[in-house]
Amino acid sequence: MPLDGGLDTKEYAAHGGAVPIHVAGNGSGPVAVAVVSGLKQEEDHRLVVDALRKVIAKQQLAAPRTAGRLSLVKKQLIVFDFDWSLADQDTDRWVHEALAPHLRRRMKSLKPHMQFTDLCAMMLRELHAEGKTPEQIKDAMRALPFHPGMVRGVKALKASKLVDTTFFLLSNSNTVYIDTILTEQGLQPPTGPQIFTEIVTNPARFLPSGLLELKRRVPAPGEPGSREHGCAVGCSANMCKGEELDAFIARHGGRQAFERIIYVGDGGNDFCPVLRLGAQDVAFVRLHRGLQKRILSEGGIQAAIRWWAGAWEMEGLLGELHGVDPTAEPAGRQEH
């Protein structure tokens, strides 16, 4: 005799061991089913339940603390990553997307097999061999997407009289790209105010031949000053961003010099410095990128988190750091 599902009871029997999985707040029913078979049905069921409890406990342990509305402090440090954080693109990839898309495709295929800064240096040599000039490279950087709301937010925070904010730029890009873009966006002289107290990144320079020569921040093996930074968190060989953050803080009065540290980042290589923040600090984390994934999977973050997706949102977050209510209507606006 067939069961309701059309299965013959001579061949099949109802048996426990399947557990429906629901998402809290989702009223549409189960989103998945976890199934175990091979033990007695009660033991199958218990095995699934025990495993799910361990997964939930791990997620709760890793779950970061979300920051509420940010209060004013007297002195704070804000640390910006550059690619996909301050800027709204990736400089190392953009230069090839703009000037030589076939090199961008080659770069993607080689990425799993080379240290990334070394790969970028090699691709710049190939770009030079194809006749691309320093001015073309700079023009590509000037055209790189950079949200006007980010520019407004950074300048307003720097100019605020309500809080003393120190700006530090910590990036795996390079000096030429960053210098060109900051000048283009009016975020350093001669086109605008000096925003950043220090910029730490990979060194680069144009040689007389026109080649953009790129080096690692931490010199590669065989080069003068070569060393290993010893990071156990997973920073790339060219730089440990956690070590660089600690060194900057030590150069500028130590941890006690800042009531609060804010870190703005997006990539997996930002996880190391964010791990070093304290409970009084805040990380502005871009959604759907490597930093979010590492925070949610590895945990251990003491700082509170503010999530953001689009660069336009950062103007409001930066405003909160000097007492601006992001929900307030602009001054002088009238209802119609």
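What number of residues within the range 91-117 satisfy the criterion of being within 27 Å of Phe196 (Cα to Cα) and in contact with a Leu (Cβ under 9 Å, 6 or more places away or on another chain)? Reasoning before the result, please.
So the first thing to find is which residues in the range 91-117 are within 27 Å of Phe196 (Cα to Cα), and the list is 91-95, 116-117.
From the residues that got through so far, the ones that are in contact with a Leu (Cβ under 9 Å, 6 or more places away or on another chain) too are 91-92, 94-95, 117.
Of the residues in the range 91-117, 5 are within 27 Å of Phe196 (Cα to Cα) and in contact with a Leu (Cβ under 9 Å, 6 or more places away or on another chain).
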Output for the range 248-269, where each listed residue is in contact with a helix residue (DSSP H, G or I) (Cβ under 7 Å, 6 or more places away or on another chain), under 24 Å from Ser71 (Cα atoms) and of a type outside the set (Phe, Trp, Tyr) = Ile249, Arg255, Val264, Gly265, Asp266
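Determine which member of the set Asp281, Asp246, Asp266 is in contact (Cβ under 8 Å) with a residue 60 or more places away in the chain and among the charged types (D, E, K, R). Steps first, answer last, please.
On the way: Asp281 fails: in contact (Cβ under 8 Å) with a residue 60 or more places away in the chain; Asp246 fails: in contact (Cβ under 8 Å) with a residue 60 or more places away in the chain.
Exactly one of Asp281, Asp246, Asp266 is in contact (Cβ under 8 Å) with a residue 60 or more places away in the chain and among the charged types (D, E, K, R), namely Asp266.
With the requirement that a residue be of a type outside the set (S, T, N, Q) and without any contact (Cβ under 8 Å) to a residue 12 or more places away in the chain, what does the range 69-109 give you?
First, pick out the residues of the range 69-109 that are of a type outside the set (S, T, N, Q): 69-70, 72-75, 77-84, 86-88, 90, 92-108.
Asp90, Glu97, Pro101, His102, Arg104, Arg105, Lys108 - these are the residues of the range 69-109 that are of a type outside the set (S, T, N, Q) and without any contact (Cβ under 8 Å) to a residue 12 or more places away in the chain.
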Which of the following residues is in contact with an Asp or Glu (Cβ under 6 Å, 6 or more places away or on another chain), in the same structural domain as Val79 (by TED's automatic domain parsing) and free of Cβ contacts under 8 Å to residues at least 60 places away in the same chain: Arg276, Arg205?
-> Arg205
Among the residues of the range 314-331, is any at pLDDT 95 or above and over 26 Å from Lys74 (Cβ atoms)?
-> no
Inside the range 288-313, the number of residues satisfying the requirement of being under 25 Å from Leu72 (Cα atoms) and aliphatic (A, V, I, L, M) is 6
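For the range 183-234, enumerate the residues that are of a type in the set (Lys, Arg) and closer than 30 Å to Gly131 by Cα. Please lay out each step first, then the result.
Step one: list which residues in the range 183-234 are of a type in the set (Lys, Arg), which gives 205, 215-217, 227.
Selection gives Arg205, Lys215, Arg216, Arg217.
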Determine which member of the set Leu103, Leu77, Leu127 is modelled with pLDDT of 75 or more, assigned by TED's automatic domain parsing to the domain that holds Asn269 and touching a strand residue (DSSP E or B) at 6+ places or on another chain (Cβ under 7 Å).
-> Leu77
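The values are calculated or read from the model by the stated rules, or taken from the named source; none is laboratory data. Keep in mind the model is a prediction, meaning the values are calculated, not measured. In this analysis, Cβ positions are derived from the backbone assuming ideal geometry, glycine residues included, and neighbour counts consider all displayed protein chains.
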